[in-house]
Amino acid sequence: MELTERILSAAEYLRNKLPESPRIGMILGSGLGDYAQTLEDIIRIPYSEIPNFPVPTVPGHSGALVFGRKYGLYIVILQGRIHYYEGLSQRELTLPVRVLSALGVNTIVLTNACGGVNLSFNPGDLMLISDHINFSGSNPLIGPNLDHFGPRFPDMSDLYTASLRKMIREKAEENKISLREGVYAMYSGPNYETPAEIRMFRTLGADVVGMSTVPEALVAGHCGMQVIGVSCVTNMAAGVLPVKLSHAEVMETADRVHDQFQKLLDLILTVL
Ligand code: HPA
């Protein structure tokens, strides 16, 4: 089956189970999945039950669509994401983002854990993504253009919607949530970067580095969605500190800032 047909049939399957169309989508990264439990009137659908949906393999990414209500908004959360390093093409692993678009989502909030490249950042900092560098080695829009969703050569000059970022920064300040802003560079993983790669990313203008988000943001932008990106700096990137990097440290920091992160997501919903 053609990709567009597979996307539309997954959307059709979901639409029949929902009381209304979600307008807001969220993708929750490492250690952040439980935000979904703060919604009301939850409908949870495991990825494995949805026709044509890819299923993630990483611990900490449980894999379900969670629909529910918060602050008068009907929201859909992708709880657990597929990473490029798991082996699927970026075109395939972003299928869920297009399904959200087909369901009516026009704004997507992408969250992730990342390494701090900017030397003024600290583990535990939260950062609004202002822009990205696609250093993943691929692009989800490669292949025949899906004309149903967007143009062959989509503009990316305001991908991480500046007007929404301004409102979020103001709200964060009012609510005394400290918030950085900066550029997210994607590296494929699954290994953490080398110290030389991190120096390169710093020279290129990156503030943080991670293994996700960029393919989803590109596809969301292609579909015409507004994108908001929020990164949690779980560790300083390789070579910044004389310590080894580990997934355990990533999960520990994500856990430590869990409450602040949830507050920030709540506050983001109030500006949408
Ligand atoms: N590099 C890449 N991805 C990450 C990191 C990192 O240092 N920390 C959390 N995700």
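Those strands (runs of 3 or more DSSP E) of segment 8-99 in which at least 2 residues are open to solvent by 10 Å² or more (accessible area, probe 1.4 Å), considering only elements entirely within it, cover 40-46, 64-70, 73-79. Please list, ordered by first then second residue, the pairs with beta carbon atoms under 8 Å, 6 or more apart or interchain, first in segment 221-237 and under 30 Å from R152 (Cα atoms), second open to solvent by 10 Å² or more (accessible area, probe 1.4 Å) and within 8 Å of the ligand (Cβ to nearest atom). So the pair list comes out as S231/A113.
Residue-level analysis places E252 outside the set of residues that are within 13 Å of the ligand (Cβ to nearest atom), at pLDDT 95 or above and either among the acidic types (D, E) or surrounded by fewer than 22 Cβ atoms within 10 Å (Cβ to Cβ) (or both).
For every residue, the table says whether it meets (1) in contact with a strand residue (DSSP E or B) (Cβ under 7 Å, 6 or more places away or on another chain); (2) in contact (Cβ under 8 Å) with a residue 60 or more places away in the chain; (3) over 28 Å from D34 (Cα atoms).
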{"position": "T111", "(1), (2), (3)": "yes, yes, no"}
{"position": "F135", "(1), (2), (3)": "yes, yes, yes"}
{"position": "Y184", "(1), (2), (3)": "yes, yes, no"}
{"position": "P195", "(1), (2), (3)": "no, no, yes"}
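Counting only strands (runs of 3 or more DSSP E) that sit wholly inside segment 160-243, those with at least 3 residues that are β-branched (V, I, T), modelled with pLDDT of 95 or more and within 14 Å of the chain's Cα centre (by Cα) are 226-236. Total residues in segment 228-245 satisfying the condition of being within 11 Å of the ligand (Cβ to nearest atom), open to solvent by less than 20 Å² (accessible area, probe 1.4 Å) and of a type outside the set (G, A, S): the figure is 5.
Do we have any residue at all in segment 5-19 that's more than 15 Å from the chain's Cα centre (by Cα), more than 23 Å from L128 (Cα to Cα) and within 16 Å of the ligand (Cβ to nearest atom)?
Looking only at segment 5-19, we keep the residues that are more than 15 Å from the chain's Cα centre (by Cα), and these are 5-19.
Filter once more, so that each one left must be more than 23 Å from L128 (Cα to Cα): 5-19.
Those left that are additionally within 16 Å of the ligand (Cβ to nearest atom): none.
No: segment 5-19 contains no residue that is more than 15 Å from the chain's Cα centre (by Cα), more than 23 Å from L128 (Cα to Cα) and within 16 Å of the ligand (Cβ to nearest atom).
Among residues that are under 13 Å from L110 (Cβ atoms) and touching a Lys or Arg at 6+ places or on another chain (Cβ under 9 Å), V230 is not included. When each of I27, I43 is tested for being within 16 Å of the ligand (Cβ to nearest atom) and modelled with pLDDT of 95 or more, the lone residue that passes is I27. Given the structure, is T161 hydroxyl-bearing (S, T, Y), open to solvent by 40 Å² or more (accessible area, probe 1.4 Å) and over 19 Å from G80 (Cα atoms)? Spelling it out, it is not the case that T161 is hydroxyl-bearing (S, T, Y), open to solvent by 40 Å² or more (accessible area, probe 1.4 Å) and over 19 Å from G80 (Cα atoms).
The values are calculated or read from the model by the stated rules, or taken from the named source; none is laboratory data. All of these numbers come straight from a predicted model, not from anything done at the bench. Backbone-built Cβ (ideal geometry, glycine too); neighbour counts: all protein chains shown. Surface areas here come from the heavy atoms of the whole protein model, side chains and all, with no ligands, DNA or RNA. Shrake-Rupley method; radii C 1.70, N 1.55, O 1.52, S 1.80 Å.
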